[in-house]
Structures are given as structure tokens and as C-alpha cells.
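I have placed the structure first, in the form of C-alpha cells, so that the comments after it can refer back to it.
The values are calculated or read from the model by the stated rules, or taken from the named source; none is laboratory data. Source: prediction; values computed, not measured. Note that we place each Cβ from the backbone using ideal geometry, even for glycine, and neighbour counts take in every protein chain shown.
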Amino acid sequence: MVEPLSTTRGVLFRGSGSATPSRSISNAELGQRVQTSDEWIRSRTGIAARRVVNSDESLAELSGLAAERALEMAGWSADSIDLILLATSTPDDLFGSAPRLQARLGATNAAAFDLTAACSGFLFAVVTAAQYLRSGAMRRILVVGADQLSRWVNWDDRRSCVLFGDAAGAVVMEASENGQDDLDGFLLRSDGSRGEVLQLPQVSQRKPLVGDASHQCGGFDPIQMNGQEVYKFAVREVPAILEKLLAQHGVAADSLDWLLLHQANQRILDAVADRFSVPTKKVLSNLAHYGNTSAATIPVMLDEAVRSGSIQPGHRIASSGFGAGLSWGAALFRWSGPA
Ligand code: UT7
């Protein structure tokens, strides 16, 4: 387990942005592809539709739009950013897509790299960014969570294809100079021994190279998921890690303004809320419109709640991400808002 170090500088959350593909695919439309029904999908997951990147769109474009909107909210120019972290499991380029985002934004003073932790990726990236800010190494960081899982979904597997969609979300974070610290704490966990329950594995096919040597082919097989095991993992580990984090910081669940969980399944959101007796109106959910967009779910939901005025500066938020790896984590923070 990674525990936070003692800190010298505070962390502020200054702006958010998001972007989703234009094409929405309803449950009924999916029913034209696989044997399923709107009733089954809604009752088991809470999902009514998902967005899928169309031929004239791309993950790079969605990430760029989300980032530009976050910068605009903060009132920052792109060249004031020191670092860009792109949390994604579905980059346009396996060598990394963050530098392309850096170029698109004109963030000429920023280093940029990808970070992969599946559906926990955004939360892991926020915590990573906080370390650079706290250490004094960086002053302004852009964190983007973006995924185009539609590339890797088996669209003929009704047990998994109904869950996923594409999106990008972003936040911009700043080191505080005046002692204000809006990141109260975090916990991060990984358990690779259970990784096979949700994976996007490299293709297993090998081809002859020279002599008795062979090489593995490039590429990946579609997503493989044991839904019931992932479900059990989520409803066990997410409440446990949140409970530990709240206890560490002496925060009572009823003092939270919002519960901001990875949007995987409405039943998982409800089970976690139930465990903490958090009323439904404090549990942020946009699953119905987008499904599970992996690293993008938390920043897209955050951005929608900030822009609708639900989340206000000073509101206290408990967040948890979880998914493939297996990986999971939790963070306790306050929305700072623009300076
Ligand atoms: O970021 C993390 C990503 N992953 C997750 O969040 C997945 C977590 N797991 C889940 O959300 C749930 O396990 C699912 C929604 C994926 C599945 O729900 P379930 O209640 O666990 O269903 P099940 O897999 O036990 O399947 C029950 C039945 C099966 O039929 P039989 O074998 O009992 O006749 C399935 O074949 O439902 C059938 N089924 C479907 N029927 C209609 C499975 N998928 C579908 C479907 N439409 N799309």
C-alpha cells in the first residue's frame, strides 16, 4: 500500500473539462448487434446509452477538448503548465499519447507522459501529480483521464460490450503558496494476483523469427472480463478503502458533500452509498448516459457536477476508482475552483 508522505505544500484543484463523442448508442440499438434488451441492461447496470468515437473523431481530439476546457475554467494559458499526465489504457500510440496532447495544446513548457492503471488511472494520476506539486518540483499540472475502450471491446460479447463507452475528462491542479491544501489524503492499492478477472491481453499468437526463435505478434485481444468476480471485488474493496481513508482523516461519512465513484455499475454505486448511509442525492452518477468510460468516468462526472453548480468551491468529496489490474484507490479532497 502506498501511504502519503508528510507534506510541505498544498494541492489545489483549479479547473475541470470534459468531452464525449457525438454518437450515442442506445441499449435498443445494441440489441441489434447482440442478444440483449434495454430492460436487462438498465436493471443490471443503470446504463441507458454509451458514446462511441465516430470516424471523424479521435481519443486525441477528445483529450484535447477536455484539457482546453479545464485550462479555460482555470484561466490558464497552456504554456504555464509544467507537466501533463494522460491516464489511459487505450492510447493512440503505445509509445505514449501525452506528448501529442502537449503539442496540440501548445504546452511548450510541459513534460508529458502516459500513465496506465485502467479505470483507476485518473485517481492514480491525480495522486502522482500531487507528489510533484507537494515536492515543489512543479507548480501547475494537467491531468487527463481518457479512454476509447470501443477499440478493444468484443462487440459480440453481450456480457461485457453493454458496459463500456468512450470519453475524456481533465482537471488542472496547482501547488498552493498560502498553506491551503485541498487534497486531504489518499490510499492506493494493487493486486496483480487477481488480474485475470479483467484484462486486455496481448495476442497469444507467435510467429517464427530465425532458427528456433519466435516472436509474439503485436496487438491485443479484446477485453476479457469475469463480471461477477469484478462486481464482488468492487463491492468489497471500495467501501473498505473509503472507510479506512475517512477514519484516517477523522471524517464522518455524513459530513461529505459528494461521493464520486468510478462509474461502472449503478448497483455498485448504490451498494457503496448504502454501506456509508450516504443519501442517493449525494452520490454522483451519469452512468445512464455514458456507461463505463474507464479512466474518464471520474473527471467527466466531476466536470459535469462543477459546471451544473452541484459541486461548489469548498465542497468535500470522497472519490474511489477501481478496475483492471486489479487496482483501486480512494482520495478525499475539496474542490478549490478557479483563483
Ligand atoms: O471498471 C470495472 C469494469 N467492470 C465491471 O464493472 C463489471 C462488474 N460486473 C457487473 O457489472 C455485472 O457482473 C454484469 C452487469 C457484467 C453482469 O451482471 P450479472 O448480474 O453478474 O449477470 P451474470 O453475468 O451473472 O449473467 C446472468 C445472466 C446469464 O444468463 P444465464 O447464464 O443465467 O442464462 C447471462 O448470459 O444474464 C445473461 N446476460 C445477459 N442477458 C442479456 C449477460 N449479459 C447479458 C446481456 N443481456 N447483456
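Remarks
- Looking at Arg189, Arg275, Arg267, just one residue is among the charged types (D, E, K, R), in contact with a Gly (Cβ under 8 Å, 6 or more places away or on another chain) and more than 27 Å from Asp157 (Cα to Cα), and that residue is Arg189.
- Residue tally, condition part of a helix (DSSP H, G or I) and surrounded by fewer than 16 Cβ atoms within 10 Å (Cβ to Cβ), over the stretch 27-42: 5
- Listed by first and then second residue, the pairs with beta-carbon distance under 7 Å, at least 6 apart or on different chains, first residue in the stretch 9-37 and within 24 Å of Arg316 (Cα to Cα), second hydrophobic (A, V, I, L, M, F, W, C) and surrounded by fewer than 19 Cβ atoms within 10 Å (Cβ to Cβ), are Arg14/Ala339.
- Ser310 being in contact with a helix residue (DSSP H, G or I) (Cβ under 9 Å, 6 or more places away or on another chain), in a loop (DSSP other than H, G, I, E, B) and among the polar types (S, T, N, Q): yes
- Of the residues examined, Gln131 is not one that is of a type in the set (S, T, N, Q) and either surrounded by 24 or more Cβ atoms within 10 Å (Cβ to Cβ) or not assigned by TED's automatic domain parsing to the domain that holds Thr116 (or both).
- Residues of the stretch 104-127 classified as surrounded by 21 or more Cβ atoms within 10 Å (Cβ to Cβ) and of a type in the set (Phe, Trp, Tyr), total: 2
- Taken as a whole, the stretch 261-271 holds at least one residue that is polar (S, T, N, Q), closer than 23 Å to Ala146 by Cα and in contact with a strand residue (DSSP E or B) (Cβ under 8 Å, 6 or more places away or on another chain).
- Of all residues in the stretch 43-52, those satisfying the criterion of being out of contact with any Ser or Thr (no Cβ under 6 Å at 6 or more places or on another chain) and either crowded, with 22+ Cβ neighbours inside 10 Å or closer than 17 Å to Glu174 by Cβ (or both) are Ile47, Arg50.
A quick yes/no check of all residues on (1) within 19 Å of Glu304 (Cβ to Cβ); (2) surrounded by fewer than 16 Cβ atoms within 10 Å (Cβ to Cβ):
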| site | (1), (2) |
| --- | --- |
| Arg139 | no, no |
| Asn154 | no, yes |
| Arg158 | no, no |
| Ala167 | yes, no |
| Gln180 | no, yes |
| Phe186 | no, no |
| Ser190 | no, no |
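- First in the stretch 44-66 and over 21 Å from Arg104 (Cβ atoms) and outside the structural domain of Asp270 (by TED's automatic domain parsing), second anywhere and part of a loop (DSSP other than H, G, I, E, B) and within 16 Å of the ligand (Cβ to nearest atom), Cβ under 6 Å, 6 or more apart: Thr45/Asn265; Ile47/Gly291; Arg50/Gly165; Arg50/Gly291
- For the stretch 275-299, filtered to residues that are assigned to a helix (DSSP H, G or I) and without any contact (Cβ under 8 Å) to a residue 60 or more places away in the chain, the residue that is nearest to the ligand (Cβ to nearest atom) is Arg275.
- Flag if Asp79 is more than 27 Å from His315 (Cβ to Cβ) and surrounded by fewer than 21 Cβ atoms within 10 Å (Cβ to Cβ): yes
- Taking each residue of the stretch 135-163 that is touching a residue at least 24 places away in the same chain (Cβ under 8 Å) and outside the structural domain of Asp82 (by TED's automatic domain parsing) and looking for partners that are in a helix (DSSP H, G or I) and surrounded by fewer than 22 Cβ atoms within 10 Å (Cβ to Cβ) with beta-carbon atoms closer than 7 Å, six or more apart or interchain, yields nothing.
- Count of residues meeting criterion [within 16 Å of the ligand (Cβ to nearest atom) and of a type in the set (A, V, I, L, M, F, W, C)] in the stretch 6-40: 5
- A single entry from Leu101, Leu71, Leu85, Leu62 fulfils the requirement of being assigned to a strand (DSSP E or B) and buried (at least 18 other Cβ atoms within 10 Å of the Cβ): Leu85.
- Set Ser97, Ser77, Ser89, Ser37: member being in contact with a helix residue (DSSP H, G or I) (Cβ under 9 Å, 6 or more places away or on another chain) and closer than 17 Å to Ser16 by Cα: Ser77
- When residues in the stretch 104-130 are screened for being at negative phi and either among the aromatic types (Phe, Trp, Tyr) or in a helix (DSSP H, G or I) (or both), 15 of them pass.
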